[in-house]
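Below is one structure, written out as structure tokens, with a few remarks after it.
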Ligand code: GTQ
């Protein structure tokens, strides 16, 4: 660089330095520094694919019971933290996941919050979550919903510990600065309905004729709060006999019984089966997803990672990362993602990748 060029550049650099200092003082920043990071041609999630083997998780969650009681902890949960999002209690950019343990005789006191929660039971027999005056028994593979602002408490009067996977929209609600919570007056809320009342009312192939039209928050949240695994399993097994998607095997979403929509607006639950011997093609979608292996064995490829799957394992597929499955024993997966929120915002996309091999 010649002295002449330098002398013409220097005043510009000085001017830019002064300009940037003024921007900073005025709480402004230049878009041209960050444009490429903001408006990417495709999603570039900071979340990383990861697999938590239940064989490793289980002893650690049980050790937590020697450290703290469910009562002391309010919720005795180990958060599944994505190392791509350190310190943020997030498994994807928008979702939280944790493993909760309630020992026999313990209870997790009643509270409510604007965050929605769903639970997939991993082990146990007949502990319960109470939601809005209804007792929901919990057995392995069951899906239990606690919609936004619903009172909920957990208890275990059975003789064995119960462990489940919690999914919450905590990071999404945090992004929107819309978090509210409050504690209940009692540890356990009063039960106002006979056992299974809403499950019979809304979980069969009939609906109450005289339901008053629901509005606001009540209409987006499903009145059906327990989706038992035996029905999920039977549906998947039956459908696997007829037609298989090349990308999913059999994949279903859980539904709001009166609207057919997602059961909750921010987060959606799924059930999927890949029959033994079946290999799926690569699939990618903008909804980062958390999976629980309910049954079977196989392998999942997520981006350039490969994870062996057995019952109880949890894994995360970040937004837009290609995934494909191969089952060695009929593989049943339960999952949740932020797809309902993305659909409502007009943002959700998927790509069914035709060729095997590396997608873009
Ligand atoms: O069970 O209510 O994993 O409030 C995190 C926050 C579970 C719960 C979590 C919660 C709960």
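So how do 314-320, 174-180 stack up, highest first, on mean other-Cβ count within 10 Å?
Working: 314-320: 24.0, 174-180: 11.1.
Those peptides, ordered most packed to least, come out 314-320, 174-180.
Using only helices, what value at 222 nm comes out for the chain when you add -39,500 (n - 2.57) per DSSP H run of length 4 or more and divide by the total residues, to the nearest 500 deg cm²/dmol?
Working: 9 runs with 79 residues, N = 360.
Mean residue ellipticity at 222 nm (helix-derived): -6000 deg cm²/dmol.
Given Cα pairs under 8 Å that are at least 6 residues apart, what percent is the relative contact order of the chain? Don't skip to the answer; put the middle values down first.
On the way: 804 pairs, mean separation 56.8, N = 360.
This gives 16 percent for the chain.
Relative contact order for the range 29-175: 24 percent, from Cα pairs under 8 Å spaced at least 6 residues apart, divided by residue count.
The angle between the Cα long axis of helix 3-25 and the longest principal axis of the Cα atoms of the chain comes to about 40 degrees, rounded to the nearest 10.
Full extension from residue 20 to residue 191: what is 0.36 nm times the residue separation minus their Cα-Cα distance, to one decimal in nm?
Working: separation 171, 0.36 × 171 = 61.56 nm, distance 6.20 nm.
Using 0.36 nm per residue and subtracting the Cα-Cα distance, I get 55.4 nm.
For the chain, the square roots of the Cα gyration tensor eigenvalues, ordered a ≥ b ≥ c, give a/c of at least 1.5 with a/b greater than b/c, which places it in the prolate category. Listing 209, 236 from fewest to most neighbouring C-beta atoms within 10 Å gives 209, 236. I'd like the orientation of helix 54-67 relative to the chain: the angle between its Cα long axis and the longest Cα principal axis, in ° from 0 to 90, rounded to 10. For helix 54-67, the angle is close to 80 degrees.
Springs join every pair of Cα atoms under 10 Å in this Gaussian network model of the chain, and among 220, 290, 200 the largest mean-square fluctuation is at 200. Averaging Cα coordinates gives a centre for the range 17-45 and one for the range 256-310; these two points are 37 Å apart.
Could you list the residues of the range 298-340 with an amide nitrogen less than 18 Å from a label point located 7 Å from the Cα of residue 178 in the Cα-to-C-beta direction? In the range 298-340, the label zone of residue 178 (backbone N under 18 Å from the point 7 Å along Cα→Cβ) covers 337-340. Taking a ≥ b ≥ c as the square roots of the eigenvalues of the Cα gyration tensor, an a/c ratio of 1.5 or more together with a/b no larger than b/c marks the range 218-360 as oblate.
GNM on the chain, alpha-carbon springs under 10 angstrom: the most fluctuating residue among 87, 183, 296 is 87. Each of residue 103 and residue 219 was given a label point 7 Å from its Cα along the Cα-to-Cβ line. The distance between the two points is 4.7 nm. With both labels modelled 7 Å from their Cα along Cα-to-Cβ, the residue 200 to residue 72 distance reads 4.3 nm.
For the pair the range 124-179 and the range 190-247, the centres of their Cα atoms are 16 angstrom apart. If you take the alpha carbon atoms of the range 54-178 and fit the smallest convex hull around them, that volume is 105 Å³ per residue. Against the chain, whose longest principal axis comes from its Cα atoms, helix 229-240 is set at around 70 degrees.
Values quoted throughout were computed directly from the atomic coordinates according to the rules given, and no laboratory measurement underlies them. Computed from a prediction, not measured in an experiment: that's the story for all the values here. FYI the Cβ positions are ideal-geometry reconstructions off the backbone, even for glycines, and counts take in every protein chain you see.
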